[in-house]
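These notes are about the structure you will find just below.
The values are calculated or read from the model by the stated rules, or taken from the named source; none is laboratory data. All figures in this text were calculated on a predicted structure; none of them were measured in a lab. We place every Cβ from the backbone using ideal geometry, glycine too, and count neighbours over all the protein chains shown.
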Amino acid sequence: MTRMIRIFDTTLRDGEQSPGASMNIEEKLLVAKQLARLNVDIIEAGFAFSSPGDFDAIHRIAQEVEGPMICSLARAKPEDIDRAWEALQGAPKCRIHTFLSSSDIHLKHQFRMTRDEALTRAVEMVRHARSYVTDVEYSPMDATRSDLSYLCEVVEAVVEAGASTVNIPDTVGYTTPQEFGELIRTLCERIRDKGAIISVHCHNDLGLAVANSMAAIHAGAGQVECTVNGIGERAGNASLEEIAMGLRTRKDFYQADTQIHTEEISKSSRLVSNITGMVVQPNKAIVGANAFAHTSGIHQDGLLKDKNTYEIMNPQSIGLTESRSVMGKLSGRHAFREELSKLGYTLSDQELQEAFERFKRLADQKKELFEEDLEAIVNRAATKVPERFSLKGLQVKSGFNEPPSATVELLMNGQLASQTGTGDGPVDAVYRTIATLTETKSHLRAYIVKAITGGTDAQGEVSVRVEENGAVVTGHGSDTDIIMASASAQAYLNALNKLADLVERHARAEQKIGLC
Ligand code: KIV
Ligand code: ZN
């Protein structure tokens, strides 16, 4: 009998805790809608108490995303749980996930609580969450470094108090597959026939997050927590695509599978990578650029004779198809809308209008447009922020005997302004000039360039990470211009617009709290 393992996706919560991976509300909504297409069982949409931005994102996702159960994280404190419940209003299916550490290291040094106090708090908070929802998850944080008999006591007590899922986190990525498998087998045995399931949440500090999760599934876990591309705190979380494909490919061994629509994996990976600016390493399992590339002569020879010789999964199963040229300069709005709907996007009239204008501009520069080009256009339209700064003109000069210089013309709050400046290279000249014109106090933390498709007229995409007073945003720009000056300028301005938007949203939220 094949057991169905629940996929609890935490890309928008633990994943967003990766340094530099912060997303704004529109971006989170776009990811959540894609997670729904991927058919995950539960979306952990954020940590409602942590910030007004997280609260609003969970609330919008609860109201707008259909299919998966929506969950908010909450510390084991009444005010956190109340806030999670408020944020989840409107979700047809919702869960509160509350947590407190169980290891002596955490209890003694961080929480300054005794084991008994932590146990009592855990039980009270599960009961508190149950007064709002029937679906409550409890996590004893740092479970893998906790005393086994105390951990068993906690797990049994929270199940008794009404938790329907007990998640066992390997918070610091310390455990090994053999050890974790045994732990999960013991815990499953302890709560057998109590109607609750054991979940696992593994971090990748020793590169074992997926192996540990798979060992736990083999030992009886019924839910696994993971993220797209394995993003997450420090070295990340277990990667969703590796677990889903691992189970699908080795169903014979694990006797388990998931409900994941694997053909959506590739698209989900590209979306998360584009939005967060976190590039996927080429040799990453399943979604790396080389994951299905066979270069050795012997392998190619075998594949030509029979695919089964060297291919354990086929690229189509994760939604990878030969890049198809889908549209060109002469394609009209109707064909554009049709093509987008085939890719799974439904846009409002306003979004469609903006995306179509962008498409027309790009089609003037580029002979053929591929699916990836359309995705880049649509994602940009859906995550647009109000433009305080927009690029109206750009000229870059770079020669042998003169320092690189840039003349930038911006529309800033309705006024045109222009400035010329120099830099160490053309992009540096563009950035310095924009920084002077906008008087930004932010710092550029990362600059990443990549080609969206192949060919010399390919769109290049620039992602930048910009930080001001601890707030980090990622800006994107794309263009066909080969030295990337325009895409770089767009990416920088997009990040500055997002920063301004963030500051304004925070001010509005603080005002709201002040008024209550
Ligand atoms: O890693 C961890 O322990 C967590 C918990 C909040 C589940 O993310
Ligand atoms: Zn975690």
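Brief remarks on what is shown
- Here segment 173-217 is the region considered, the condition is being surrounded by fewer than 18 Cβ atoms within 10 Å (Cβ to Cβ) and among the β-branched types (V, I, T), and the residue that is farthest from ligand 1 (Cβ to nearest atom) is T186.
- Any hit, segment 269-281, residues being surrounded by fewer than 15 Cβ atoms within 10 Å (Cβ to Cβ), under 27 Å from R358 (Cα atoms) and out of contact with any strand residue (DSSP E or B) (no Cβ under 9 Å at 6 or more places or on another chain): no
- Taken over segment 162-172, the criterion of being over 26 Å from the mean Cα position of the chain (by Cα) and either more than 28 Å from M69 (Cβ to Cβ) or surrounded by 21 or more Cβ atoms within 10 Å (Cβ to Cβ) (or both) is satisfied by A163 alone.
- Look at (1) without any contact (Cβ under 8 Å) to a residue 24 or more places away in the chain; (2) within 24 Å of D14 (Cβ to Cβ) and you find that T120 fails only one, number (2).
- Of all residue pairs spaced 6 or more apart or on separate chains, those with beta-carbon atoms under 8 Å, a first member in segment 176-204 that is in contact (Cβ under 8 Å) with a residue 40 or more places away in the chain and a second member that is more than 16 Å from ligand 2 (Cβ to nearest atom) and charged (D, E, K, R) are I197/R6; S199/R6.
Conditions tested, residue by residue: (1) modelled with pLDDT of 85 or more; (2) part of a loop (DSSP other than H, G, I, E, B).
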position	(1), (2)
E233	yes, yes
M245	yes, no
Q259	yes, yes
S268	yes, no
H299	no, no
N308	yes, no
Q316	yes, no
R337	yes, no
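- Pair list, Cβ < 9 Å and 6+ apart or interchain, from segment 251-265 residues that are at positive phi to residues that are assigned to a helix (DSSP H, G or I): Q255/H218
- Among the candidates Q63, Q89, Q110, residue that is surrounded by fewer than 17 Cβ atoms within 10 Å (Cβ to Cβ), at negative phi and within 16 Å of ligand 2 (Cβ to nearest atom): Q110
- Any hit, segment 21-36, residues being of a type in the set (V, I, T) and farther than 28 Å from K342 by Cα: no
- Whichever residue in segment 6-21 is within 13 Å of ligand 2 (Cβ to nearest atom) and either among the β-branched types (V, I, T) or touching a Cys at 6+ places or on another chain (Cβ under 7 Å) (or both) and, among such residues, is nearest to I231 (Cα to Cα): T11
- Some residue of segment 444-463 being in contact (Cβ under 8 Å) with a residue 12 or more places away in the chain, within 20 Å of V503 (Cβ to Cβ) and surrounded by 18 or more Cβ atoms within 10 Å (Cβ to Cβ): no
- Exclusive hit being within 15 Å of A489 (Cβ to Cβ), of a type in the set (A, V, I, L, M), at pLDDT 90 or above and surrounded by fewer than 17 Cβ atoms within 10 Å (Cβ to Cβ), set A435, A429, A417: A417
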